[in-house]
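The next block holds one structure in the form of structure tokens; read it before the comments.
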Ligand code: AMP
Ligand code: DBH
């Protein structure tokens with residue numbers, strides 16, 4: 001196991017192998033097998049490219065040889081920050097075959113996040129597009145003085161991905177029980193956490209997901225969300241689609257303008273969206289000039305999709321809704337396509353695996369009864385036992401017997417379906433994008449006119465939640481736009497910039513003297529927004 005990753009205890013590993021969940025295969029061989037079976041069929045479509053399975057397999061091999069020529073090899077971490085392009089898949093499979101470990105950054109991440117990933121992962125290389133969504137990723141690479149920058153596109157002084165093309169070489173391939181890739185956690189602390197997923201566990205999660213979602217070689221999966229997210233990557237996502245011999249269509253943007261024409265042209269059968277996008281799609285479909293009739297399943301997850309909205313999917317888009325409640329740490333719940341209407345609309349589903357252990361507990365970790373609300377703990381064949389290089393944090397984020405404390409508050413129905421009721425983690429879920437309050441607070445505290453800061457969620461009709469930063473100024477309060485510009489200057493992703501900034505003279509406190517975010521949210525709801533001279537109501 002990669003040093004810094006936490007393995008499953010022997011007895012659990014043995015159990016998961018014996019049950020056939022872990023099959024001792026690597027992600028690199030998945031594509032090899034698929035190419036042998038579906039060689040001439042389309043594997044991925046994006047931009048001008050349309051690659052068959054044989055073509056994707058060949059490109060992965062040639063790129064692996066090229067990367068090896070650069071000195072990238074077994075267990076090297078490589079930060080991959082690519083948008084939804086076919087090259088993303090070639091890069092992934094090349095790295096998997098080398099035993100190198102992609103660390104998946106989002107295209108929206110900037111200097112603060114990328115600098116941290118490069119450093120914390122001890123990255124050997126950084127793979128970027130030239131420009132994406134108006135941003136020059138080479139300039140960021142330059143600013144960060146990243147080692148071995150590889151550019152998909154115009155490389156300038158860096159290495160062009162297209163030039164990493166060499167005759168395939170025999171590679172021993174990694175150990176299936178070792179780390180294959182790292183996902184990012186939305187996190188709750190000052191720094192994002194890296195989630196090490198093994199070949200065995202990740203393969204199982206998306207193979208089983210593909211089965212639950214009914215994927216076949218005739219399916220067409222539209223990757224609408226940024227592919228680096230765990231949801232479009234593995235639930236069942238692009239990897240699950242490839243495991244099923246289906247076709248992956250890469251959408252450059254998730255909005256109806258880009259997605260609807262692709263659905264019509266490629267005959268898309270399934271896609272996954274976060275709730276705000278699902279609402280936008282449903283609205284746009286009323287006036288759509290495109291034929292969406294190929295669509296069979298709309299998956300919605302990342303944040304809670306309300307029952308009223310879920311009930312409208314069939315009428316608006318002519319397809320079934322599937323709720324997905326997952327986490328990059330592992331556990332994924334799905335409503336099944338043949339579940340009764342009340343389950344598909346009113347719950348967030350049940351786990352993938354019979355071996356997923358789910359506990360709903362009270363504050364003292366005692367199990368609560370069916371239908372009662374409590375904290376969700378989980379352990380299983382594809383849920384990590386620890387974050388990468390985070391020993392102290394792991395001690396709090398996992399129970400001594402290895403259950404992951406999800407920070408979600410749920411209710412479990414008598415027949416085992418989960419309903420998400422809220423969360424205890426100090427995080428904002430902004431339409432599926434997770435924001436750790438502490439991370440943004442730390443950046444705010446770096447401003448000379450900020451004495452203290454607390455970042456909380458405020459309800460929002462479209463996004464579900466938006467972020468509000470409440471600031472106690474030091475002296476004259478700075479202007480809100482100036483604070484936002486300051487945060488952008490700190491190099492954080494745009495989705496973490498608070499939507500709203502309010503000033504106050506003091507925070508409400510809990511009994512033990514911590515800032516009471518619950519009271520702060522309530523104060524905001526009552527209209528804290530009256531300027532810096534008004535203390536929060538008691
Ligand atoms: P992360 O750990 O950053 O991958 O984020 C996973 C978290 O997203 C979960 O623990 C939930 O808080 C939230 N989440 C994901 N899907 C749903 C859903 N369908 N309903 C409610 N919350 C969700
Ligand atoms: O929000 C998530 O992280 C998520 C949602 C749905 C996820 O990781 C997943 C499915 O796999």
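Throughout, read-outs are computed from the coordinates displayed, never taken from laboratory work. Computed from a prediction, not measured in an experiment: that's the story for all the values here. Neighbour counts are summed over all protein chains in view; Cβ atoms, including those assigned to glycine, are modelled from backbone coordinates with ideal geometry.
Of note:
- With Cα atoms, 0 to 90° folded angle of helix 199-212 axis to the chain main axis: 90
- For region 233-351: rounded, prolate or oblate by the Cα gyration tensor [a/c cutoff 1.5]: oblate
- In plain terms, the C-alpha convex hull of region 80-224 casts an average shadow of 10.6 nm² when viewed from every direction.
- Of all DSSP beta bridges in the chain, antiparallel share, percent nearest 5: 60
- Rounded FRET efficiency, nearest 0.05, which uses the C-beta distance separating residue 482 from residue 287 and R0 of 56 Å: 0.90
- Altogether, the Stokes-Einstein calculation at 25 °C and 0.890 mPa s, with the Kirkwood radius of region 353-427 over Cα pairs as Rh, returns a diffusion coefficient of 191 µm²/s.
- Relative to the 2.2 N^0.38 Å rule of thumb, region 172-282 has a C-alpha radius of gyration ratio of 1.16.
- Share of Cα-Cα pairs in region 36-97 lying beyond 13 Å, as whole percent: 62
- DSSP-defined antiparallel bridges as percent of all bridges, region 431-525, nearest 5: 75
- Ratio Rg/Rh, restricted to region 309-414 and using Cα atoms, in which Rh is the Kirkwood radius: 1.03
- If R0 is 51 Å, the Cβ-Cβ spacing of residue 162 and residue 12 corresponds to a FRET efficiency of close to 0.75.
- Region 318-376 versus region 235-249: alpha-carbon centroid distance in Å: 23
- Cβ-Cβ FRET estimate between residue 169 and residue 40, R0 fixed at 22 Å, reported to 0.05: 0.30
- Burial order of peptide ranges 499-510, 73-84 (average beta-carbon count within 10 Å, highest first): 73-84, 499-510
- Paired Rg and Dmax values of region 431-525, which use every Cα atom, in angstrom: 12.9, 36
- For region 1-43: rounded, prolate or oblate by the Cα gyration tensor [a/c cutoff 1.5]: oblate
- The chain, relative contact order in percent, only Cα pairs under 8 angstrom and at least six apart counted: 12
- Dmax and Rg, reported as Rg then Dmax, of region 1-141 (C-alpha, Å): 16.9, 50
- Counting DSSP beta bridges with both ends in region 55-192, the antiparallel % (nearest 5): 10
- For the chain, the longest principal axis of the alpha carbon atoms and the long axis of helix 480-489 meet at an angle near 30°.
- The chain: angle of helix 275-286 to the longest principal axis, Cα-based, in degrees nearest 10: 70
- Fully extending the segment from residue 211 to residue 462, taken as 0.36 nm per residue of separation minus the present Cα-Cα distance, adds 87.2 nm.
- The chain: C-alpha gyration tensor shape, a/c 1.5 cut-off, then a/b vs b/c: rounded
- When each of the peptides 464-470, 439-445, 138-144 is scored by the mean number of other C-beta atoms lying within 10 Å of its residues, the order from highest to lowest reads 464-470, 439-445, 138-144.
- Restricting the calculation to Cα atoms, region 201-252 yields a radius of gyration followed by a Dmax of 9.7, 29 Å.
- Adding -39500 (n - 2.57) for every DSSP H run of four residues or longer, then dividing by how many residues the chain holds, sets the calculated 222 nm ellipticity at -9500 deg cm²/dmol.
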